[in-house]
Each structure stands twice: as structure tokens, then as C-alpha cells.
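Remarks on the structure that follows.
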Amino acid sequence: MAETNRIHDTRRWIRALPTLTGTPPPAPATFPATPAELFLDWLARAVDDAVVEPHVCALSTVDDAGLPDSRYLILKDVDTAGFWFSGSARSPKGVELQASPRAALAFYWRETGQQVRVRGTVSEGDESVRSRDFLERSVTARAVATASEQSRILTDPSEYDAAVSSAIEMFEGDPDHMSSDWRAWCLEPESVEFWQADSGRRHQRWLYRRDPEGLWTTSVLWP
Ligand SMILES: Cc1cc2nc3c(=O)[nH]c(=O)nc-3n(C[C@H](O)[C@H](O)[C@H](O)COP(=O)(O)O)c2cc1C
């Protein structure tokens with residue numbers, strides 16, 4: 001009985017939390033030819049509107065049993081190829097992307113009540129792209145990326161400290177050392193959906209889809 005009450009109260013408590021409290025900008029008057037252009041317009045607006053960390057997004061992948069997984073990471077670039085992010089090839093996400101290079105990114109900007117969803121195929125950037133991304137990181141970030149057995153069980157925290165300290169020493173002596181595991185990935189979109197909230201629940205949704213010739217078509221979706 002106590003358990004039922006606790007669950008009931010938890011439900012009421014969660015349901016009472018406010019959502020979609022942001023203030024969306026006006027809907028786009030026209031739609032650019034590509035979703036990358038609209039994304040960059042929205043991102044610039046989000047930065048102007050002081051959205052906190054608008055370049056953080058959730059990356060979803062699937063493991064070899066088809067079980068989806070999501071984690072947040074930092075968007076590094078958007079160009080004509082697609083949406084770029086980076087990490088270790090030996091991490092679970094790296095292993096999953098190697099086996100199944102189809103993925104999705106999702107952004108949510110609370111302050112402007114906007115969501116962007118990107119789906120497509122992921123490819124690895126070449127050596128120049130990944131070394132540029134890696135070498136722009138701080139020494140500590142490079143050392144952690146190199147030394148960490150990311151997402152494996154850490155039985156003894158001192159192992160981590162020792163591995164990172166020795167990697168820091170190595171990078172201080174050889175600042176251009178490149179990790180063989182670091183990857184820059186590019187998600188080439190097949191579809192990108194732009195969503196913004198409406199107080200009357202008539203949320204606005206615009207979908208870009210790439211046709212077989214590579215041209216983008218746009219549609220309005222039901223809320
Ligand atoms: C705001 C934020 C930004 C992050 N940025 C990155 C990133 O750019 N690259 C990365 O590999 N992990 C990043 N992480 C850590 C990932 O969420 C995740 O914990 C890690 O990559 C291991 O994921 P995996 O086990 O699925 O490979 C970030 C986490 C947060 C909360």
C-alpha cells in the first residue's frame with residue numbers, strides 16, 4: 001500500500017512539473033533550400049536568445065542486438081556533408097557506429113521551445129578532420145580521451161588517475177601526438193525535422209526529406 005502511494009505521489013509530482021515554458025521565435029517566413037541552412041539560422045537565433053549549450057545533442061545508435069542507446073554529446077560542426085561530432089572509436093558508441101552506421105541526433109532548446117531531429121547515415125571524417133578536432137582539445141581532454149577505457153567498469157579509481165597523469169606527461173612532451181582511437185563522425189541527414197512549441201498545443205513542425213536525386217523536399221506535419 002505504501003508502495004502504491006509512493007508511486008501515485010511520484011506520478012502526481014512528475015506530472016505537475018512544468019513543460020514547454022520557453023518562448024518560441026516567429027515561424028520561418030521562407031524555407032531555405034537545405035536543412036543545414038535552417039538549422040544554422042535556428043542555432044544562431046538560439047545563441048542570441050541565450051539558450052544554454054544549444055550545441056549539445058542526444059546521439060542515438062543501436063547495438064548488435066538492435067537495442068537503442070542515447071547519450072548527449074557536443075555538435076562540432078555543420079557543413080554541406082552533415083552534422084559532425086567526435087569521440088573514441090573504442091567507446092560503445094564508436095563500436096555501435098562501426099557495426100551499424102545509422103544514427104539520429106536530437107536537440108532540445110528549452111528557452112525557445114524548439115526541437116530538431118536529424119536522421120541518417122554516419123561516416124568517419126578523414127585523418128585531417130579528426131586530428132584537427134583532437135588537437136583543438138585541451139591537454140587534459142586529450143589525455144582523458146587517450147587514457148580512458150570509456151564506459152568500461154572502473155574497479156580501481158587510482159588506475160584512471162595514473163593513466164591520465166601519464167598521458168598528460170606524454171602530451172606535454174609531444175603536443176602534436178594524435179590518438180589512433182579518436183574519430184570525427186559526420187551524420188549525413190536523410191531527414192531533418194524542425195519543431196516548435198505552441199501554447200495552444202498547435203505545435204509547428206516542418207520536415208525536410210532528401211529525395212533519391214539528393215534534392216530536399218519540405219512538408220508540414222500534423223502537430
Ligand atoms: C553535455 C555533454 C557533452 C558531452 N560531449 C561528448 C562528446 O562530445 N563526445 C563524447 O564522446 N562524449 C561526450 N559526452 C559523454 C557522453 O554522453 C557519454 O557518456 C560517453 O561518450 C560514453 O558514451 P558511450 O558509452 O555510449 O560510448 C558528453 C556528455 C554530456 C552530458
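The values are calculated or read from the model by the stated rules, or taken from the named source; none is laboratory data. Predicted model, so just to flag it, every value in this text is computed and none were measured. Please note: Cβ atoms are built from the backbone with ideal geometry, for glycine as well, and neighbour counts cover all protein chains shown.
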From the options S151, S191, residue that is surrounded by fewer than 20 Cβ atoms within 10 Å (Cβ to Cβ), touching a Leu at 6+ places or on another chain (Cβ under 8 Å) and in contact (Cβ under 8 Å) with a residue 40 or more places away in the chain: S191
Criterion: in contact with a strand residue (DSSP E or B) (Cβ under 7 Å, 6 or more places away or on another chain), of a type in the set (D, E, K, R) and modelled with pLDDT of 95 or more - qualifying residue of E37, E96: E96
Any chance G214 is more than 21 Å from P101 (Cα to Cα), modelled with pLDDT under 95 and out of contact with any helix residue (DSSP H, G or I) (no Cβ under 7 Å at 6 or more places or on another chain): no
So E111, is it within 12 Å of the ligand (Cβ to nearest atom) and either acidic (D, E) or more than 11 Å from the chain's Cα centre (by Cα) (or both): no
E172 charged (D, E, K, R) and either modelled with pLDDT of 95 or more or surrounded by 12 or more Cβ atoms within 10 Å (Cβ to Cβ) (or both): no
Hey, A27 at pLDDT below 95, more than 17 Å from the chain's Cα centre (by Cα) and more than 14 Å from the ligand (Cβ to nearest atom) or not: yes
R152 vs. criteria among the charged types (D, E, K, R), out of contact with any Asp or Glu (no Cβ under 7 Å at 6 or more places or on another chain) and either within 14 Å of the ligand (Cβ to nearest atom) or at pLDDT below 95 (or both): yes
Flag if A46 is small (G, A, S), crowded, with 20+ Cβ neighbours inside 10 Å and in contact with a Ser or Thr (Cβ under 7 Å, 6 or more places away or on another chain): yes
All positions within region 71-86 that are surrounded by 13 or more Cβ atoms within 10 Å (Cβ to Cβ) and either in contact (Cβ under 8 Å) with a residue 60 or more places away in the chain or within 9 Å of the ligand (Cβ to nearest atom) (or both): R71, L73, L75, K76, A81, G82, F83, W84, F85, S86
Total residues in region 198-222, condition touching a Phe, Trp or Tyr at 6+ places or on another chain (Cβ under 9 Å) and loosely packed, with under 15 Cβ neighbours inside 10 Å: 4
Unmet requirement for F171, which otherwise passes all of (1) touching a Phe, Trp or Tyr at 6+ places or on another chain (Cβ under 6 Å); (2) of a type in the set (F, W, Y); (3) farther than 21 Å from S70 by Cβ: (1)
